[in-house]
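Notes to accompany the following structure.
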Amino acid sequence: MPMIARRSFLIGTALAPLVPALARAQGARPASPAWPTRPVTLIIPFPAGGAMDVLGRNVAHELGDKLGQPLVVDNRVGAAGNIGAMAAAKAAPDGYTILMAGAASLALNKFMFGNMPYDPDRELTPIVIVSRLPHIFVVNPKVEAKTLKELVAYAKAHPGKLNAGVPGTGTTAHITLEAFMAETGAKMTVVTYRAEPQMLTDLLGGQLDFACTLTTSPGPHVQDGRLRALAVTSAQRTRQLPEVPTVEQSGFPGFEATAWFALAAPAGTPADIIDKLNAGANAFIRSEQGQQELDKLDSLPAGGTPAQAKAFIAAEARKWGPIIKAANIRM
């Protein structure tokens, strides 16, 4: 073998093991036109039965119909969503593993965990924001405040007297409450619960004065008068509680905070696969069936392009990172 040819052969042989890693690092690769030829796994990093799981299964059903292969839901629970998100981040970028995740896994946990098992910015590619879920500020009727402004005035005049519950340390509800107190100067004693049902039991029983949580949980109690809703944290009122004003309408301009759910894939997943998944998810969001499913969760439809999803997630990290650090929220 000539010297130059032999040297090229040796270099090529040495570099061969690095080709997959280089392709992944350089971003999305071309896809096989046949994709998918087998079932696709949709990892959901929270338990079955919750809002993310319910919506994820509906999205999976719709995408399966459109792609001609089923999406099999895999609930990988633990570490505030990190276990499932890590499994997706480390999966082969071949289109056969995708992730339904929320703000924690894609934008916020990196500010709360000392050691993240994956890098959401480098190892996951956003596909689409599926929906945004408002939080609600709600009180036990024994609390004298009838409006959010009255509550803030009372909390400023009596620092720490009101007990404010959130369904878990580091949840979007917890971060939302901390942001609202920082912005308004209201001082309440934050009580973090391991599970939402216990928080609602205490709120209904009067052991808890105030709570911040997703609208669907206390909504029925608001409608039957057992709890008093003061405001929702989205920019617009919700379908299920149209009589409840937004925080901005309650006298606090510019305040908006929502939980959100998004689809993502391992970094390096071929661009045309990302586009197919994006198109299918957007079709679900716009469909009558999709609207009905989102309404059940009192959830606001989102949608858009992968680039818009990436920009939104980055903006959420910039918005909430300083709040998390200032409140010293650690997991």
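Counting only protein heavy atoms and a 1.4 Å probe, tell me what percentage of the range 240-331's accessible area is made up of carbon and sulfur. Of all accessible area on the range 240-331, carbon and sulfur atoms account for 56 percent.
Considering only Tyr118, Phe210, Ala173, and ranking their Cα positions along the charge dipole of the range 106-226 that arises from unit charges at the beta-carbon of Lys, Arg, Asp and Glu, the one farthest toward the positive end is Phe210. Calculation over all alpha carbon pairs of the range 291-331 in 5 angstrom steps from 0 returns a P(r) of 5, 18, 14, 15, 19, 17, 10, 2 percent. Beyond 26 Å in Cα-Cα separation lie the following of the pairs Lys66/Lys310; Lys90/Lys310; Lys156/Lys319; Lys110/Lys296; Lys156/Lys310: Lys110/Lys296; Lys156/Lys310.
In order along the range 68-79, the phi-based Karplus estimate (6.51 cos²θ - 1.76 cosθ + 1.60, θ = phi - 60°) of 3J(HN,Hα) comes to x, 9, x, 9, 9, 7, 10, 7, 10, 9, x, 6 Hz; Gly and Pro are listed as x. Bridgeable lysines around Lys161 (alpha carbons under 18 Å apart, same-chain partners fewer than 8 residues away excluded): Lys142, Lys146, Lys149, Lys187.
For the chain, what does the relative contact order come out to in percent, with C-alpha contacts under 8 Å and a separation of six or more?
26
Principal semi-axes of the equivalent ellipsoid, √(5λ) from the alpha carbon gyration tensor of the range 51-156, are 36, 20, 11 Å from largest down. With Cα atoms defining each centre, the range 204-239 and the range 94-153 are spaced 18 Å apart in the structure. Take the Cα radius of gyration of the range 138-231 and divide it by 2.2 N^0.38 Å, N being the number of residues; the result is 0.97. The per residue volume of the convex hull around the alpha-carbon atoms of the range 210-255 is 74 Å³. Express in nm, to one decimal, how much length is gained between Glu256 and Glu243 on full extension, taking 0.36 nm for each residue of separation and deducting their alpha carbon distance. My answer for the length gained is 2.9 nm.
What is the pair-distance distribution P(r) of the range 179-331, computed from all Cα-Cα distances in 5 Å bins starting at 0, with each bin given as a whole percent? Whole-percent P(r) values from 0 Å outward: 1, 7, 13, 16, 19, 17, 12, 8, 4, 2, 0.
For the range 125-140, backbone phi angles converted through the Karplus equation (6.51, -1.76, 1.60; θ = phi - 60°) give residue-by-residue couplings of 10, x, 9, 6, 7, 7, 7, 10, 10, x, 9, 10, 9, 9, 10, 6 Hz, Gly and Pro being listed as x. Computed over the chain, the P(r) tail beyond 27 angstrom holds 48 percent of alpha carbon pairs.
Excluding the site residues themselves, the longest part of the chain lacking any GluC sites (Glu not before Pro) in a DSSP loop with at most 14 other Cβ atoms within 10 Å is 1-143.
Put simply, the amide H of Asn75, placed in the peptide plane, has neighbours under 5 Å in Ile44, leaving out anything fewer than 5 places away on its chain. Between amide H atoms placed 1.01 Å from N, distances below 5 Å from Val130 occur with Phe261, Ala262, Leu263, Gly303, all of them 5 or more places distant or on a separate chain. Once the other residues with Cβ under 12 Å from the Cβ of Gln289 are scored (Lys, Arg +1; Asp, Glu -1), what is the net sum? Net of charged neighbours comes to -3.
Across the range 96-107, coupling constants 3J(HN,Hα) worked out from phi with the 6.51/-1.76/1.60 Karplus curve, θ = phi - 60°, read 9, 9, 10, 10, 9, 9, x, 4, 4, 5, 9, 9 Hz, and Gly and Pro carry x.
The values are calculated or read from the model by the stated rules, or taken from the named source; none is laboratory data. No experiment lies behind these values; they were computed from the predicted model shown. Virtual Cβ from ideal backbone geometry, glycine too; neighbours counted across all protein chains shown. These area figures cover heavy atoms from the full protein model, side chains too; ligands, DNA and RNA do not enter into them. Shrake-Rupley method; radii C 1.70, N 1.55, O 1.52, S 1.80 Å.
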